Amino acid sequence: MISIIVAASDNDIIGRSNKIPWNLPRDFKNFKTLTTGHTCIMGRKTFESIVARIGGPLPKRKNVIITRQVDYKAPGCVVVNSWDEAMDVIKGEDVFVSGGEAIYAMALPHADRLILTRVHTQSDGDVRLPIIDFSNWRLIHEEQWLKDKKNEYDVIYQIYERRH
């Protein structure tokens, strides 16, 4: 199963200057819970932002990085140069696509599930969520997470399955 996992503001911003533009520890914890023990596919910039934030690849996960840089090195990770190469590497695995914008756009036609944290803010940013035709998706789970001392915004957490 291929799952897209993403947090996006109400105006579809997902990043700013290679960082996430909000602080939502509850969403980070949920991401960790869902993806640990599985494969995460991401672009090079997303990978580098993770390394800058936590000091290395996502732990206890197979990190697959898609980059156009032919000689790119990421110790402990699988580096590929295309979506098709990534699909060859992950045959039969549950996969979480974790960004950025170009990788989400590549994954959308192939994804079985969309895990969306909708952050209730109008954010400034330079990375956007690709346009999603929600008529192709069926909402199967939804819950509201209210802002608190640690989480700066209200969010709606949603899980969609692709309509077949």
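Select from region 108-152 the residues that are of a type in the set (Lys, Arg) and under 17 Å from ILE2 (Cα atoms) and write down the one among them that is farthest from the chain's Cα centre (by Cα). Lay out the reasoning, then the answer.
Keep residues of region 108-152 that are of a type in the set (Lys, Arg), which gives 113, 118, 128, 138, 147, 149-150.
Applying the additional criterion that residues be under 17 Å from ILE2 (Cα atoms) yields 113, 138.
Values: ARG113: 12, ARG138: 19 Å.
This residue is ARG138.
Identify the single condition in (1) farther than 23 Å from GLY43 by Cβ; (2) at pLDDT 95 or above that MET87 does not satisfy, given that it satisfies every other one.
MET87 satisfies every listed condition except (1).
Please determine, by comparing only the residues of region 1-54 that are among the hydrophobic types (A, V, I, L, M, F, W, C) and touching an Asp or Glu at 6+ places or on another chain (Cβ under 8 Å), which one is surrounded by the fewest Cβ atoms within 10 Å (Cβ to Cβ). Give the steps one after another, and end with the answer.
Here is the first cut: in region 1-54, the residues among the hydrophobic types (A, V, I, L, M, F, W, C) are 1-2, 4-8, 13-14, 20, 22, 24, 28, 31, 34, 40-42, 47, 50-52, 54.
The next check asks that each one be touching an Asp or Glu at 6+ places or on another chain (Cβ under 8 Å); those that pass are 1-2, 7, 13-14, 22, 24.
Values: MET1: 11, ILE2: 19, ALA7: 25, ILE13: 22, ILE14: 23, TRP22: 18, LEU24: 20.
So the residue we want is MET1.
Does TYR157 satisfy being within 17 Å of the chain's Cα centre (by Cα) and surrounded by fewer than 18 Cβ atoms within 10 Å (Cβ to Cβ)?
On the way: within 17 Å of the chain's Cα centre (by Cα): yes; surrounded by fewer than 18 Cβ atoms within 10 Å (Cβ to Cβ): yes.
Considered against the rule, which asks whether it is within 17 Å of the chain's Cα centre (by Cα) and surrounded by fewer than 18 Cβ atoms within 10 Å (Cβ to Cβ), TYR157 comes out as yes.
Quick one: in region 55-77, which of the residues that are among the β-branched types (Val, Ile, Thr) and surrounded by 17 or more Cβ atoms within 10 Å (Cβ to Cβ) is farthest from MET42 (Cα to Cα)?
If we filter region 55-77 for residues that are among the β-branched types (Val, Ile, Thr), which is where we start, we get 64-67, 70.
Still in the running and surrounded by 17 or more Cβ atoms within 10 Å (Cβ to Cβ): 64-67.
Values: VAL64: 6, ILE65: 5, ILE66: 6, THR67: 9 Å.
Ranking the candidates gives THR67 first.
Say we look at region 91-109 and pick out the residues that are touching a helix residue (DSSP H, G or I) at 6+ places or on another chain (Cβ under 8 Å) and not in a loop (DSSP other than H, G, I, E, B); which of these is surrounded by the most Cβ atoms within 10 Å (Cβ to Cβ)? Even if it seems obvious, please write down each step before you answer.
Step one: list which residues in region 91-109 are touching a helix residue (DSSP H, G or I) at 6+ places or on another chain (Cβ under 8 Å), which gives 96-100, 103, 106-107.
Okay, now just the ones that are also not in a loop (DSSP other than H, G, I, E, B), so 96-97, 103, 106-107.
Numbers: PHE96: 24, VAL97: 29, ILE103: 23, MET106: 19, ALA107: 24.
Restricting to residues being touching a helix residue (DSSP H, G or I) at 6+ places or on another chain (Cβ under 8 Å) and not in a loop (DSSP other than H, G, I, E, B), the top hit is VAL97.
Can you spot a residue in region 71-90 that is within 12 Å of the chain's Cα centre (by Cα) and at negative phi? Give the derivation first.
Quick first cut of region 71-90, residues within 12 Å of the chain's Cα centre (by Cα) only: none.
No.
Among the residues of region 85-101, what is the count of those that are free of Cβ contacts under 8 Å to residues at least 40 places away in the same chain and under 22 Å from ILE132 (Cβ atoms)?
1
Name the residue, out of ILE50, ILE2, ILE13, that is more than 11 Å from the chain's Cα centre (by Cα) and without any contact (Cβ under 8 Å) to a residue 24 or more places away in the chain. It would help to see each step written out before you state the result.
Details: ILE2 fails: without any contact (Cβ under 8 Å) to a residue 24 or more places away in the chain; ILE13 fails: without any contact (Cβ under 8 Å) to a residue 24 or more places away in the chain.
So the residue among ILE50, ILE2, ILE13 that is more than 11 Å from the chain's Cα centre (by Cα) and without any contact (Cβ under 8 Å) to a residue 24 or more places away in the chain is ILE50.
Please work out if TYR153 is aromatic (Phe, Trp, Tyr) and in a loop (DSSP other than H, G, I, E, B). Lay out the reasoning, then the answer.
Details: aromatic (Phe, Trp, Tyr): yes; in a loop (DSSP other than H, G, I, E, B): yes.
Considered against the rule, which asks whether it is aromatic (Phe, Trp, Tyr) and in a loop (DSSP other than H, G, I, E, B), TYR153 comes out as yes.
For region 123-133, does any single residue satisfy the condition of being basic (Lys, Arg), touching a Lys or Arg at 6+ places or on another chain (Cβ under 8 Å) and not in a helix (DSSP H, G or I)? Write out each step before concluding.
Initial filter on region 123-133 (basic (Lys, Arg)): 128.
Adding the requirement that they be touching a Lys or Arg at 6+ places or on another chain (Cβ under 8 Å) leaves none.
Within region 123-133, not a single residue is basic (Lys, Arg), touching a Lys or Arg at 6+ places or on another chain (Cβ under 8 Å) and not in a helix (DSSP H, G or I).
Kindly establish whether LYS147 is assigned to a loop (DSSP other than H, G, I, E, B), within 21 Å of GLY15 (Cα to Cα) and free of Cβ contacts under 8 Å to residues at least 40 places away in the same chain.
Working: assigned to a loop (DSSP other than H, G, I, E, B): yes; within 21 Å of GLY15 (Cα to Cα): yes; free of Cβ contacts under 8 Å to residues at least 40 places away in the same chain: yes.
The answer is yes for LYS147.
The values are calculated or read from the model by the stated rules, or taken from the named source; none is laboratory data. What you are looking at is a predicted structure, and each value in this text was computed from that prediction instead of being measured. Methodologically, a virtual Cβ is constructed for each residue, glycine included, from the backbone with ideal geometry; neighbour enumeration extends over all protein chains shown.
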